[in-house]
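**Q** Encoded as structure tokens, here's the structure I'll be asking about.
The numbers here are math on the coordinates, done by the rules we state, and not lab data. Remember, predicted model here, so these are calculated numbers, not experimental data. Quick reminder, even Gly has a Cβ in these numbers, built from the backbone with ideal geometry, and neighbours come from all protein chains shown.
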Amino acid sequence: MDSNCISFSAPSSEITLIIPRPKDKVQETDRSVTTKVGFVVLEPWRVSAVEVSPMPPPAPVPMYPKPSVHLAVEQFVQNVANVKGVKCIAVEEAEGQIVHFTTFADPVSEQSRAEIYAIEAATIDAFPDLVFDFHLRLASEAEGGTPIPIPGQRFFAVWGDLHENAG
Amino acid sequence: MRTLDDHLQQAKKNEQFANRLIQSWDAEFAEWAVVALFYAAAHYGRAYIVHCGAKTITNHPGFESYFRRNWTSSSDVFPHYRRLKDESERARYDCARYTKADVISFRDGYLVPFRSAILAALGR
């Protein structure tokens, strides 16, 4: 061990503290003195908790999915569900960044289309930390009856069958 | 890095291509006119993004989010872009069929006002 260090053992905590001895306090030992002192029983070293300032926040790690994605999905679905003709909404979060919303409706009137586009625009405005990709599809033109999800987090909100009342 | 003029030039080319398909009308290829209309809008929109000095768009699907957040004009052109995008996807993926009247209505009803608003915002 470095001769400039003092070691304390703390039996109760099994922690060893090594404290550097300040160099300016290192002096030649007067060996004649050692004969004049006796043994001293050391009390167990007591370690107490010290409150330290908090660590800086870690670098941002993308949560998957972000909490705001759930909120965006909830609000979008609640609003679009009220538009006449909407059958199903598929929400897929992929490519790490983009939230894809696909609304299936039938029929799609000019009125319902305008309402859905307005809800999409409001969603973009309400969640500036998210990037969206919106699609509006005619349910009767969709393949099969069940959306095939892309990999990643996804949500579906379905009202009845995708092709109910379609065609 | 593409400039504002690069995107405007590409937009005009795509619009011209759509117009040629409309003029020479062949119903078998009508969907490509719809696709060309959308890609004209996409490049007009990107010209505006360049004009704004916004960050490079790294995800094309997210374009509408970037565009809307940067669009400061009072005219609401988001529905025009969305309609052209949806019709383009119908044409490409859902085998939609279009009449000449359909395509002209998309051009005049959505691309023309979208383009006019963009050019006005660009001072052109």
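**Q** Could you list, in sequence order, the residues of region B:1-30 that are outside any helix (DSSP H, G or I) and of a type in the set (Gly, Ala, Ser)?
**A** Result: B:Ser24, single match.
**Q** Across region B:56-115, which residue is farthest from the other protein chains (Cβ to nearest Cβ) among those that are in a loop (DSSP other than H, G, I, E, B) and among the aromatic types (Phe, Trp, Tyr)?
**A** B:Tyr98
**Q** Here's a follow-up. Looking only at region A:93-119, which residues are more than 13 Å from A:Val131 (Cβ to Cβ), buried (at least 20 other Cβ atoms within 10 Å of the Cβ), in contact (Cβ under 8 Å) with a residue 40 or more places away in the chain and not hydrophobic (A, V, I, L, M, F, W, C)?
**A** Once the filter is applied, which keeps residues that are more than 13 Å from A:Val131 (Cβ to Cβ), buried (at least 20 other Cβ atoms within 10 Å of the Cβ), in contact (Cβ under 8 Å) with a residue 40 or more places away in the chain and not hydrophobic (A, V, I, L, M, F, W, C), region A:93-119 yields only A:Asp106.
**Q** Scan region A:116-145 for residues that are more than 10 Å from chain B (Cβ to nearest Cβ) and touching a strand residue (DSSP E or B) at 6+ places or on another chain (Cβ under 7 Å) and jot them down.
**A** A:Ala139
**Q** Among the residues of region B:84-106, is there at least one that is closer than 25 Å to A:Ile119 by Cα and among the β-branched types (Val, Ile, Thr)?
**A** No, region B:84-106 has no match at all.
**Q** Could I ask something else about it? Quick check on my filter: what residues within region A:100-115 are within 9 Å of chain B (Cβ to nearest Cβ), under 15 Å from A:Asn79 (Cβ atoms) and either not basic (Lys, Arg) or not in a helix (DSSP H, G or I) (or both)?
**A** Once the filter is applied, which keeps residues that are within 9 Å of chain B (Cβ to nearest Cβ), under 15 Å from A:Asn79 (Cβ atoms) and either not basic (Lys, Arg) or not in a helix (DSSP H, G or I) (or both), region A:100-115 yields only A:Ala114.
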